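Below you'll find the structure, written out as structure tokens, and then a few comments.
The values are calculated or read from the model by the stated rules, or taken from the named source; none is laboratory data. Given the structure is predicted, the values throughout are model-derived calculations rather than measurements. All Cβ positions, even for glycine, are placed from backbone atoms using ideal geometry, and neighbour counts span all protein chains on display.
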Amino acid sequence: MNIIVCVKQVLDPEIPPAKFKIDPETKQVIPPPGVPPVISVYDERAVEAACRLKDKLKGKITVISVGSDKAADVIKHAISMGADEGFVLCDPAFENLDSFGTAYVLSKAIQKIGAYDLVLCGRQAADWGAGQVGSILAEILAIPVITLACDIEGVDTNVRVKRIVSDGYEIVEAPLPSLVTVSSEIGLPRLPAGVRLMMARKKVIPVWKAQDIGAEASQLDKGNAHTEITGLSVPTRKIECEIITGATPGEAAANLASKLANLI
Amino acid sequence: MSPVSATYWGIPGYVIFWVLFVIAAGLFAKRIYFLFRLMRLGKQENRFDHMGQRIKNVLFVILPQWCTLRSVTKKDLAGIGHALLFWGFSCFLVSYIVFIGLAEGFGLYPWLMGNNFETVFSSILDIAGLCVMAAMIWAAIRRYIVRPERLELSVEAGVIMVLVFSLMVLHFGIEGFGLAGSGETTNWPPIGSVIANYLSSTGISKNTLITVSQGAWWLHYLVILGFTVYIPRSKHLHILASGANILFKPLASKVVLEPIPLEALEAMESEGSVDLGASKIQDFTWKDLLDLYACTVCGRCHVSCPAHVSGKTLSPKEVIHDLKEHLLEEGPGLLAGNAQATSESPAKTMIGDVIAEEDIWACTTCGACQEVCPVDIEHVRKIIKMRQNLVLAQNKMPESAQLMLRNMQTRGNPWAGAQSLRLRGDWTHDMGLKILGQYEGRVDTLFWVGCTGALIDRNVEATLSLTRVLKAAGVDFGVLGEAEPCCGDPARRAGYEFQFQISAEENIETFKNYNIKKIITSCPHCYNTLKNEYPRYGGDFFEVVHYTELLADLITRGKLKLTNKLNTLLTYHDPCYLSRYNEVFREPRQIIEGIPNAKFKEMERSKNTTFCCGGGGGHMWIEEQHGTTKINHVRMDEVIGTGAETVVTSCPYCLQMLEEGIEQKGVKDSLKAKDLAELVEEAMNQS
């Protein structure tokens with residue numbers, strides 16, 4: 001099974017909240033110093049899902065990422081987990097694209113790669129969390145899409161997906177090629193180990209520009225974007241703490257209960 | 001007449017002598033050859049460097065019995081017994097060669113016996129015999145009457161004690177009956193002559209006396225041969241293997257981990273079988289296997305292991321013993337050439353069946369086991385090699401370990417996430433430091449802070465104290481600030497060898513780029529890694545000092561003056577990676593002793609035999625298993641036992657572990673934990 005995984009490099013979500021800074025003027029996040037960006041957590045699980053399919057069914061995993069030249073690191077990370085090759089899609093025209101623009105760039109790269117059975121994406125990016133790219137990409141590629149997968153199985157010429165729904169899960173099948181977006185319930189990604197970790201490090205990741213994949217300037221024009229950021233702010237959280245007392249533990253519990261009753 | 005020159009049932013004595021000898025020697029050689037071949041199943045490792053130094057080690061450690069005497073404490077005097085046995089039995093060993101081999105076997109008795117040489121030698125043997133008998137009685141009491149925790153009852157020990165004791169009894173018998181039978185009256189040798197004089201006075205006929213003496217001689221000879229055959233088949237193999245083990249012990253650093261060469265990796269990858277670290281007994285090196293032969297199950301490691309003491313199932317003694325049993329079980333199959341079949345479907349898996357995964361993860365790599373081991377067994381690296389297999393080949397590890405290793409791999413330090421509220425370079429703000437990469441001038445000394453000292457609030461306080469102390473003393477140094485990554489130690493101890501190799505290579509490159517000549521470390525784990533492990537990766541162009549060494553030197557040279565009086569009772573907790581791994585324990589004490597008015601109380605387990613805080617070997621992040629208690633609580637009880645008001649240490653992990661212990665034990669009003677740098681800052685004249 002030949003699988004293409006789309007991954008994104010994001011600001012490390014594990015940075016201390018107090019260190020998260022934005023610039024409201026340019027409506028952009030200011031990355032804190034000395035913190036390397038990481039692979040988006042859901043995308044890492046998509047790579048894990050691809051590796052599990054490869055472990056069972058053999059085949060090839062190709063990873064692509066729209067981003068800066070630093071995005072080679074996340075491709076290397078995916079290769080160290082078990083992917084075979086990868087490409088960075090980097091061009092000034094690709095900067096600050098919305099979900100539609102990103103999906104368009106990915107679709108052009110996928111068309112350039114050629115034959116594939118399955119495209120995997122994370123359910124959403126760990127930074128903006130829009131969760132749109134996967135579905136739009138499937139639309140452009142004109143293939144079925146199944147979102148929020150927690151288990152993926154290849155069955156003959158179909159893909160069978162267990163997907164999360166609000167009250168449990170459902171099992172859906174679609175013919176190959178299809179696109180599946182992967183949720184964190186699929187399980188912990190493997191720790192890159194062994195040979196791959198050392199080899200991935202030395203690998204040179206090819207960079208594709210707009211002209212390499214035949215992306216049209218009109219499609220990338222910011223003026224044609226479907227979404228616009230009108231404002232960016234860090235939400236403020238207010239925590240009030242009150243210690244409920246009482247002469248006895250029983251009385252304290254009663255006081256707490258009446259306090260809670262009043263709140264509701 | 002010599003027993004060998006007599007004729008028995010028509011057969012000349014010397015024929016019987018040599019036939020028996022050849023049988024015993026054959027059985028001995030057969031077993032030794034078998035054990036040697038088993039050992040050769042292990043991987044290659046070069047331990048043949050500095051042979052002069054190595055031979056000197058063996059002579060200076062074994063002959064004066066420093067191997068066992070060094071671990072003698074008030075509570076455990078057994079090393080003295082072993083020394084008596086060793087010296088006494090060595091005399092007998094020489095006598096067997098001289099009097100049995102040369103005199104009887106080769107007929108040289110006219111020159112060797114019946115003269116002053118024999119009298120003097122026999123007198124020495126009499127004293128030696130008493131020593132050996134005393135040691136045997138002592139050993140029997142310690143096994144069958146008051147048995148300390150570290151010893152276990154074994155048939156093998158009983159057999160050996162009976163054999164050795166009977167050899168001594170027979171020695172006195174041969175001598176006493178022989179002297180009495182010869183009719184001489186003499187006062188030498190001292191014990192033999194007393195027995196002889198008594199026997200003469202009983203009026204037993206000379207012929208009977210001589211017959212008994214000769215009978216005892218033959219029995220004695222049989223026991224010696226039996227002993228020779230039995231030794232390599234029992235735990236007393238250590239008599240033969242421990243000398244070799246001490247000869248091949250690691251010289252440069254106490255825990256030697258071999259790099260995994262990339263070529264080997266690529267070969268494995270192309271074959272499609274990635275088997276890293278040790279999952280099978282033959283994955284260890286020959287030296288690891290020699291270790292197994294050298295173990296005599298004395299149990300010193302067992303009672304000093306923090307995991308065992310705090311009630312976990314890990315016991316370093318059991319690990320070594322179980323691996324030896326496993327080698328002896330699997331070995332014949334492997335030697336028979338069906339190595340492939342055995343390794344693919346072994347009756348028992350080494351990891352899992354022989355050594356429990358839980359035990360592999362319980363080790364803090366503190367090295368207490370190795371420090372007390374009289375025969376220099378390397379326990380820690382075997383555990384790490386098994387971890388390597390779990391992490392690199394099987395992707396099996398506790399979730400807490402995986403989280404830490406993942407952080408190391410993606411974020412460059414083990415602390416990322418909710419555990420840290422800081423960014424790497426935050427601590428340098430407003431300190432007026434020379435940050436490499438930003439500072440334009442030249443600095444050739446680097447202060448390597450370490451992840452914990454840069455990221456965890458409590459440890460940052462200690463880092464800031466040390467920075468101010470260094471500046472006050474006029475030390476010219478730079479820091480890497482936000483660009484400082486992890487040294488790789490937690491990854492390596494947790495078995496994630498490649499991440500360590502990557503860290504090492506990248507850091508060495510950085511040191512090279514900035515032309516670093518000297519590195520000051522505050523964390524003993526970084527210290528050990530940079531000093532002892534980076535040279536294997538090309539990092540041999542810089543000097544590494546721990547800050548305690550540097551401060552002690554600054555005080556000696558008068559650059560740093562401790563003038564403020566601190567009226568307090570202190571104790572010092574030695575970090576394993578400083579005091580045990582690197583023998584830096586004088587300097588911290590020198591600093592503490594220089595503080596006016598401070599009183600110092602030593603803990604019983606201190607210096608190189610310190611007790612782990614529980615944070616080493618990746619255990620700062622790997623969740624501690626359930627035992628009867630926690631490792632740092634055991635240590636905290638010892639700290640509280642000194643009555644000290646302040647416990648001082650010089651390791652960021654230890655500091656955290658001690659503070660947690662103080663909190664848990666509810667003694668924070670009477671006891672504080674401090675880093676030595678903080679104490680020095682308090683004692684400094686801050687004018």
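Out of the residues in the range A:138-156 meeting the condition of being of a type in the set (A, V, I, L, M, F, W, C) and in a loop (DSSP other than H, G, I, E, B), tell me which one is nearest to A:Lys58 (Cα to Cα).
Let us first name the residues in the range A:138-156 that are of a type in the set (A, V, I, L, M, F, W, C), namely A:138, A:140-143, A:145-146, A:148-150, A:152, A:155.
Narrowing the set further to residues that are in a loop (DSSP other than H, G, I, E, B) leaves A:142-143.
Numbers: A:Ala142: 25, A:Ile143: 22 Å.
This residue is A:Ile143.
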Candidate set: the range B:386-441, residues that are more than 9 Å from chain A (Cβ to nearest Cβ) and in contact with a Cys (Cβ under 9 Å, 6 or more places away or on another chain); chosen: the one nearest to B:Asn459 (Cα to Cα): B:Trp415
Residue within the range B:589-607 that is more than 22 Å from B:Gln656 (Cβ to Cβ), part of a loop (DSSP other than H, G, I, E, B) and without any contact (Cβ under 8 Å) to a residue 24 or more places away in the chain present: no
Test: residue in the range B:215-238 that is in a helix (DSSP H, G or I) and over 44 Å from the mean Cα position of the chain (by Cα): yes
Unmet criterion (only one of (1) without any contact (Cβ under 8 Å) to a residue 40 or more places away in the chain; (2) within 20 Å of B:Ile124 (Cα to Cα); (3) of a type outside the set (S, T, N, Q)) for B:Ile204: (2)
Residues that are buried (at least 18 other Cβ atoms within 10 Å of the Cβ) and touching an Asp or Glu at 6+ places or on another chain (Cβ under 9 Å), drawn from the range A:108-119: A:Lys108, A:Ala109
Counted residues, the range B:434-476 - those being of a type in the set (Val, Ile, Thr), in a helix (DSSP H, G or I) and under 33 Å from the mean Cα position of the chain (by Cα): 2
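Scanning the range A:168-184 for residues that are of a type in the set (Val, Ile, Thr) and either more than 16 Å from A:Cys150 (Cβ to Cβ) or surrounded by 16 or more Cβ atoms within 10 Å (Cβ to Cβ) (or both), which turns out farthest from the other protein chains (Cβ to nearest Cβ)? Lay out the reasoning, then the answer.
At the first step, the residues of the range A:168-184 found to be of a type in the set (Val, Ile, Thr) are A:171-172, A:180-182.
Retained after the next criterion (residues that are either more than 16 Å from A:Cys150 (Cβ to Cβ) or surrounded by 16 or more Cβ atoms within 10 Å (Cβ to Cβ) (or both)): A:172, A:180-182.
Values: A:Val172: 29, A:Val180: 23, A:Thr181: 22, A:Val182: 18 Å.
Only one residue tops the list, namely A:Val172.
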Failed item, numbered, when B:Val255 is tested on (1) within 20 Å of the chain's Cα centre (by Cα); (2) in a helix (DSSP H, G or I): (2)
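Give me the helices (runs of 4 or more DSSP H) completely within the range B:51-107, filtered to those with at least 1 residues that are touching a His at 6+ places or on another chain (Cβ under 9 Å), ordered by residue number.
Values: elements: B:51-62, B:66-69, B:78-95.
Correct list: B:66-69, B:78-95.
Residue by residue, here is whether (1) assigned by TED's automatic domain parsing to the domain that holds B:Met133; (2) in a helix (DSSP H, G or I); (3) surrounded by fewer than 17 Cβ atoms within 10 Å (Cβ to Cβ) holds:
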site	(1), (2), (3)
B:Phe165	yes, yes, no
B:Phe172	yes, yes, no
B:Asn187	yes, no, yes
B:Gly192	yes, yes, no
B:Leu251	no, no, yes
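Within the range B:438-481, how many residues turn out to be among the charged types (D, E, K, R) and touching a helix residue (DSSP H, G or I) at 6+ places or on another chain (Cβ under 8 Å)? Please lay out each step first, then the result.
Our first condition is that a residue be among the charged types (D, E, K, R); within the range B:438-481, this holds for B:440, B:442, B:444, B:457-458, B:461, B:468, B:471, B:476.
Narrowing the set further to residues that are touching a helix residue (DSSP H, G or I) at 6+ places or on another chain (Cβ under 8 Å) leaves B:458, B:461, B:468.
Looking only at that region, the number is 3.
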Qualifying position, being polar (S, T, N, Q) and closer than 21 Å to B:Ala683 by Cβ, among B:Asn567, B:Asn632, B:Asn582, B:Asn608: B:Asn567
Residues of the range A:20-43 that turn out to be within 12 Å of chain B (Cβ to nearest Cβ) and loosely packed, with under 15 Cβ neighbours inside 10 Å, as a count: 4
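So, B:Leu112, is that one at negative phi and either surrounded by 17 or more Cβ atoms within 10 Å (Cβ to Cβ) or in the same structural domain as B:Ile174 (by TED's automatic domain parsing) (or both) or not?
Numbers: at negative phi: yes; either surrounded by 17 or more Cβ atoms within 10 Å (Cβ to Cβ) or in the same structural domain as B:Ile174 (by TED's automatic domain parsing) (or both): yes.
Judged against the criteria, B:Leu112 is a match.
Mind listing whichever residues of the range A:185-221 are within 14 Å of another protein chain (Cβ to nearest Cβ) and part of a helix (DSSP H, G or I)? Quick ask: steps written out before the conclusion?
We begin by selecting, within the range A:185-221, every residue within 14 Å of another protein chain (Cβ to nearest Cβ); these are A:187-203.
Matches in the range A:185-221: A:Gly194, A:Val195, A:Arg196, A:Leu197, A:Met198, A:Met199, A:Ala200, A:Arg201, A:Lys202.
If I ask for residues that are farther than 23 Å from B:Lys206 by Cβ and part of a loop (DSSP other than H, G, I, E, B), which ones from the range B:1-33 would you list?
Of all residues in the range B:1-33, those farther than 23 Å from B:Lys206 by Cβ come to B:10-12, B:14-33.
Once the filter is applied, which keeps residues that are farther than 23 Å from B:Lys206 by Cβ and part of a loop (DSSP other than H, G, I, E, B), the range B:1-33 yields only B:Gly10.
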